[in-house]
Amino acid sequence: MIAIGIGFAVIATFVALYIFGRADTRPIRQNFKVGEGFYGGAVNGNSQLPCGRVSSEAEQLYFIFSSRSLPVGEESSNDLHDLKNLLSKITCFKRDLMSPAQTITAVKELGFATHMDIQPVADLTARCFSRILPERDLDIQITKWSDFGLDMIRRLCTAGNLKEEERQKAESLLHTIIVDIDSISKGVCIPPAPKDPSAGGRLEPKANTPEDLVNLRPYDGLY
């Protein structure tokens with residue numbers, strides 16, 4: 001009986017060691033960061049931008065400067081930080097606009113900066129989803145993002161002593177980003193124009209003549 005008891009104890013010990021050894025084998029997401037109050041941060045360090053996964057061009061543009069040894073100083077550091085904030089706003093704006101649920105999630109914690117925004121990007125997104133955003137306001141915001149981005153690129157290229165072809169590549173990437181967000185936002189934010197504005201709207205009844213009757217002479221009551 002003693003031998004049987006010892007045998008059960010040994011078996012129980014091996015089972016317990018096996019279970020404890022396997023307890024921590026579930027996948028763990030390493031280095032998950034939301035960062036700076038933003039949503040949608042990079043997982044496993046794949047992106048340096050909060051919503052960078054929706055735009056490979058934005059990731060490439062930021063990497064051009066973040067991978068360089070810029071001069072030590074507050075000015076260059078601020079410029080790089082501003083470029084990251086700009087790209088984060090554009091990519092998170094895109095992410096929310098592309099969401100089937102049309103909820104304000106990615107841009108919810110993004111701050112307002114007068115030098116690159118005409119209004120908080122969360123408010124901009126809300127006006128988009130409500131279809132109350134004039135196209136002119138959207139154009140002003142996108143133009144301001146574009147102008148500010150170009151200014152940051154040129155300042156960082158000068159600070160980092162980048163070559164002309166590198167500057168052109170950076171500006172080309174920004175152009176692609178701006179064209180992309182302009183196209184997507186216009187499709188989501190701007191309501192379609194009425195088919196016949198003079199009729200007062202798409203749903204208002206109006207006279208209609210079939211095409212096969214257009215060229216017939218007026219009916220005079222005679223057969």
Exercise for the section: State all residues of region 41-76 that are at pLDDT 85 or above and hydroxyl-bearing (Ser, Thr, Tyr); if no residue qualifies, say none. Expected result: Ser55, Ser56, Tyr62, Ser66, Ser67
Exercise for the section: Can you give me the number of residues within region 100-119 that are free of Cβ contacts under 8 Å to residues at least 12 places away in the same chain and either more than 21 Å from Asp79 (Cα to Cα) or in contact with a helix residue (DSSP H, G or I) (Cβ under 9 Å, 6 or more places away or on another chain) (or both)? Expected result: 4
Problem - Residues located in region 128-164, provided they are modelled with pLDDT under 90 and among the β-branched types (Val, Ile, Thr) - result: Ile132
Problem - Counted residues, region 65-80 - those being in a helix (DSSP H, G or I), of a type in the set (Gly, Ala, Ser) and surrounded by fewer than 16 Cβ atoms within 10 Å (Cβ to Cβ) - result: 2
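Evaluate the following for Thr176: is it hydroxyl-bearing (Ser, Thr, Tyr) and either surrounded by 16 or more Cβ atoms within 10 Å (Cβ to Cβ) or at pLDDT 95 or above (or both)?
Yes, satisfied.
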Completion exercise
Expected output for region 76-89 (first residue in contact (Cβ under 8 Å) with a residue 12 or more places away in the chain, partner crowded, with 22+ Cβ neighbours inside 10 Å and of a type in the set (S, T, N, Q), Cβ below 9 Å, 6+ apart or cross-chain) is Leu87/Ser55
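The values are calculated or read from the model by the stated rules, or taken from the named source; none is laboratory data. Keep in mind that what you see is a predicted model, and the values were worked out from it rather than measured. All Cβ positions, glycine included, derive from the backbone under ideal geometry; neighbour counts span all protein chains shown.
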